[in-house]
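K.L.:
Below you will find the structure I want to go over with you.
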Amino acid sequence: MMQAATMATKGSTKKSKRGRPAGPAKKRINTRFPEALAEKIEYAAALRGVAIASFIQEAVAERADQVIEAESRWQLTRDEAAAVAGLLAKPPKPTRKMLEAAKLASRHVHIRD
Amino acid sequence: MSTFAIELLSAAHDRAGFRSGLESVDRYFKETARGHLEKGVSITRVLVQADASAPKPVLGYFTLSGILVEARPWPGAPKGLPKQPVPAVLLGRLAVASDHHGKGIGSMLLATARQLAHETITRTGGIGLVVDAAHKQAAEFYSRFGFMPVEPGSLRLFLPAKSLEGGAGIPRGQRGSKRRCR
């Protein structure tokens, strides 16, 4: 069973219901949630004391930022930075598999752009 | 004349018919890749039969874009990398049509992506090629080609710029030449 849920509401929310993010919510995204998930969201929003729409908006905005960030910017942790720095200091030679791939492509592929 | 051609994704390619077996990758290809190419967000290229005519069946594709890498500090980096973000090339997606698995298409796509990343880096700078693997199996595929996970088990792997050098060159042009650089 699926239950319809609405992520954003019409109209200005400047002096809006409690917990709702500032700014007008103008665009509606209709999506369906599995019943159990919808109930979980309602319960969690109630625990936080915020409107369901605002609860979903906040969670989704955070996730969207993460996804977009991951494709344009990479903030390395200390361990990751050490690993990358190590590779830059001692770049590995191309593996045999990579050289074979290059040879295969050089024989069978040409770049048209 | 070579068998396959790498082309910039265009209306001549059968986007709707492409199935890799991974929905997120197929959906990106169908719905987003062309828009991103037109806006300059990222560049998607496809592998097709050299003699195919439109709508050309797509045997595989890959997407390259720029990414800024930031770390403070860089422990043990050669000569000290700046605190400012440094550029790199990101291989965000690479996929092979499911009915063409096991034919070396993935290898050829990866070799092409590597060559293009190397060209970009020699022209505009960059510390290397970053790749995002869709899952563990894909990460293992990249490992075999020398990419190193940045953390054990990480789905993000890296190959420094120097490691992009070497190997046979993939020819350019409408038909491709028999010239090989070995």
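K.L.:
Quickly estimate the mean residue ellipticity at 222 nm for chain B, helices only: each DSSP H run with n ≥ 4 gives -39500 (n - 2.57), and the total goes over all residues, rounded to 500.
P.N.:
-6500 deg cm²/dmol
K.L.:
Between A:Asp65 and B:Lys39, take the C-beta separation as r, use R0 = 30 Å, and let me know the FRET efficiency to the nearest 0.05.
P.N.:
Using R0 = 30 Å, I get an efficiency of 0.95.
K.L.:
Calculate the mean, over all residues of peptide B:34-46, of how many other protein chain Cβ atoms lie within 10 angstrom of the residue's Cβ.
P.N.:
1
K.L.:
Would you tell me the mean number of C-beta atoms belonging to other protein chains that fall within 10 Å of each C-beta in B:101-109, as a whole number?
P.N.:
3
K.L.:
Let me ask you something else. In the stretch A:24-113, which chymotrypsin sites (Phe, Trp or Tyr not before Pro) fall in coil by DSSP and have 11 or fewer other Cβ atoms within 10 Å?
P.N.:
none
K.L.:
May I ask for the net charge around B:Gly40, where only other residues with Cβ less than 15 Å from the Cβ of B:Gly40 are counted and Lys, Arg are +1 while Asp, Glu are -1?
P.N.:
Once all neighbours under 15 Å are counted, the net charge is 0.
K.L.:
For an R0 of 25 angstrom, estimate the FRET efficiency from the Cβ-Cβ distance between B:Ser53 and B:Ser24 and round to the nearest 0.05.
P.N.:
E(calc), rounded to 0.05, equals 0.25.
K.L.:
A further question on this structure: HN-Hα J couplings of the stretch B:11-28 from phi, Karplus 6.51/-1.76/1.60, θ = phi - 60°, integer Hz, Gly and Pro as x?
P.N.:
Whole-Hz 3J(HN,Hα) from phi for the stretch B:11-28: 5, 6, 9, 7, 6, 5, x, 7, 9, 9, x, 10, 4, 4, 6, 5, 5, 4.
K.L.:
Over the Cα atoms of the stretch B:4-164, how large are the radius of gyration and the largest Cα-Cα distance (Dmax), in Å?
P.N.:
Cα radius of gyration and Dmax of the stretch B:4-164 are 16.2, 52 Å respectively.
K.L.:
Have a look at B:Gly21, B:Val150, A:His110 and report the one farthest towards the positive end of the charge dipole of the protein assembly as shown, computed about the Cα centre with Cβ charges (Lys/Arg +1, Asp/Glu -1).
P.N.:
A:His110
K.L.:
May I pose another question? What is the gain in length, in nm to one decimal, between B:His100 and B:Glu70 on full extension, counting 0.36 nm per residue of separation less the C-alpha to C-alpha distance?
P.N.:
7.0 nm
K.L.:
Ok, one more. Under a 10 Å cutoff between Cα atoms, tell me which one of B:Leu155, B:Leu81, B:Leu90 has the largest fluctuation in the Gaussian network model of chain B.
P.N.:
Evaluated over chain B, the most mobile residue of the options is B:Leu81.
K.L.:
Can I ask one more? Please give me, ordered by residue number, the trypsin sites (Lys or Arg not before Pro) of the stretch B:11-90 that lie in loop per DSSP and have at most 14 other Cβ atoms within 10 Å.
P.N.:
Counting only loop positions with at most 14 other Cβ atoms within 10 Å, the trypsin sites (Lys or Arg not before Pro) in the stretch B:11-90 are B:Lys79, B:Lys83.
K.L.:
Quickly work out the B:Gln137-to-A:Glu58 label distance, labels modelled 7 Å from Cα along the C-beta direction, and quote it in nm with one decimal.
P.N.:
Computed distance between label sites A:Glu58 and B:Gln137 equals 3.9 nm.
K.L.:
Enumerate the residues in the stretch A:38-67 having an amide nitrogen under 14 Å from the point lying 7 Å beyond the Cα of A:Ile29 toward its Cβ.
P.N.:
A:53-67
K.L.:
Something else about it: Return the FRET efficiency for the residue pair B:Arg123, B:Glu31: r is the Cβ-Cβ distance, R0 is 41 Å, and the value is rounded to the nearest 0.05.
P.N.:
Rounded to the nearest 0.05, the efficiency is 0.85.
K.L.:
Search the structure for amide H atoms under 5 Å from the amide H of B:Leu90, placed 1.01 Å from N in the peptide plane, and list their residues when 5 or more places away or on another chain.
P.N.:
B:Ser65, B:Gly66, B:Ile67, B:Val130
K.L.:
What is the local net charge at A:Ala89, summed over the other residues whose Cβ is closer than 14 Å to its Cβ (Lys, Arg +1; Asp, Glu -1)?
P.N.:
Within the 14 Å Cβ shell, the charges total +3.
Every number in this text was worked out from the coordinates using simple rules, so none of it is lab data. Just so it is clear, the structure is predicted and the values come from calculations on it, not from any experiment. Neighbour counts are summed over all protein chains in view; Cβ atoms, including those assigned to glycine, are modelled from backbone coordinates with ideal geometry.
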